[in-house]
Amino acid sequence: MTAITLNLDSVIKLTREEFYRLCTENPDLKLERNVQGELIIMPPTGGETGRSNVNLILQVALWNEQTRAGEVFDSSTGFTLPNGADRSPDVSWVEKSRWDALSKEQRERFIPLCPDFVIEIMSPSDSLAKIQAKMTEYMANGCRLGWLFNRKQQEVEIYRLGREVEVLKSPQVLSGENVLSGFVINLQKIWS
């Protein structure tokens, strides 16, 4: 099953508050909204994608637990990007000072900023071009480092702020570089 995109512009333009309410009143749906205001209904992931996601988030969370450098979020967390899109990366991280600057109300709703670090994992039904566009959108909104995992091709696309995308074939480890300082992720379970 692939993601479904709905263009509701001719019927209604959802405000940020209305979109938030739509999501909270339909918790069984994973919804995103692109910068054009189109709703994207994301299907549940399959077992392999879910397994990979847990492995990646666990490693990021363990590093963050040791460093206390920020906050780690799962794929259920909504972020309202500066361009107005509402996105939910598979794994995301926000640097501590940026998180601490948010009010309690901002922390309870969709987080009104772009994460410093994101991971997206392609499901077999995902369109590579759409996920790449999403990664580019994160970078255009201030994300500093992003990893796009294409398990089918056993590739990782590395997105860095202000630099060309780098594609690696079956890397066994990746570095968090200067964004997640000292973090090295083991990818053996991702490719097996």
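The values are calculated or read from the model by the stated rules, or taken from the named source; none is laboratory data. Bear in mind that the values here come from a model prediction, so they are computed numbers and not experimental data. Quick reminder, even Gly has a Cβ in these numbers, built from the backbone with ideal geometry, and neighbours come from all protein chains shown. With ligands, DNA and RNA removed, areas are computed over all heavy atoms of the protein, side chains included. Shrake-Rupley method; radii C 1.70, N 1.55, O 1.52, S 1.80 Å.
Checking the stated criteria, residue 168 turns out not to satisfy the condition of being more than 25 Å from residue 5 (Cβ to Cβ), free of Cβ contacts under 8 Å to residues at least 40 places away in the same chain, open to solvent by 20 Å² or more (accessible area, probe 1.4 Å) and in contact with a Cys (Cβ under 8 Å, 6 or more places away or on another chain). Filtering the range 141-192 to residues that are small (Gly, Ala, Ser) and not in a strand (DSSP E or B) leaves 142, 162, 170, 176, 181, 182, 192.
Among residues of the range 131-144 that are more than 16 Å from residue 90 (Cα to Cα) and in contact (Cβ under 8 Å) with a residue 24 or more places away in the chain, none has a beta-carbon under 6 Å from a residue that is open to solvent by less than 60 Å² (accessible area, probe 1.4 Å) and assigned to a helix (DSSP H, G or I) at least six positions away or on a different chain.
Quick one: residue 133 ticks every box in (1) closer than 18 Å to residue 60 by Cβ; (2) open to solvent by less than 80 Å² (accessible area, probe 1.4 Å); (3) not in a loop (DSSP other than H, G, I, E, B) except a single one, so which number is it? Status for residue 133: all satisfied but (1).
Collect the residues in the range 21-41 that are touching a residue at least 24 places away in the same chain (Cβ under 8 Å) and open to solvent by 40 Å² or more (accessible area, probe 1.4 Å), keeping them in residue-number order. Within the range 21-41, 30, 35, 36, 38, 41 qualify.
On the stretch given as the range 173-186, residues that are in contact with a strand residue (DSSP E or B) (Cβ under 7 Å, 6 or more places away or on another chain) and either charged (D, E, K, R) or exposed (fewer than 15 other Cβ atoms within 10 Å of the Cβ) (or both) total 4. Residue 192 meets the conditions (1) open to solvent by 50 Å² or more (accessible area, probe 1.4 Å); (2) free of Cβ contacts under 8 Å to residues at least 40 places away in the same chain; (3) within 27 Å of residue 34 (Cβ to Cβ); (4) not basic (Lys, Arg) in every case but one. The failed one is (3). Restricting 100, 90, 74 to those that are under 20 Å from residue 50 (Cα atoms), among the acidic types (Asp, Glu) and open to solvent by 30 Å² or more (accessible area, probe 1.4 Å) reduces the list to 74. Of the listed requirements (1) open to solvent by 60 Å² or more (accessible area, probe 1.4 Å); (2) closer than 25 Å to residue 155 by Cα; (3) part of a helix (DSSP H, G or I), residue 61 misses just one: (1).
Return the residue satisfying two criteria in turn: it lies in the range 114-129 and is more than 24 Å from residue 72 (Cα to Cα) and modelled with pLDDT of 90 or more, and of such residues it is surrounded by the fewest Cβ atoms within 10 Å (Cβ to Cβ). Of everything passing the filter in the range 114-129, 129 is surrounded by the fewest Cβ atoms within 10 Å (Cβ to Cβ).
Given the condition modelled with pLDDT under 95, among the small types (Gly, Ala, Ser) and closer than 25 Å to residue 170 by Cα, answer yes or no: does some residue in the range 71-83 qualify? Scanning the range 71-83, I find at least one residue that is modelled with pLDDT under 95, among the small types (Gly, Ala, Ser) and closer than 25 Å to residue 170 by Cα, so the answer is yes.
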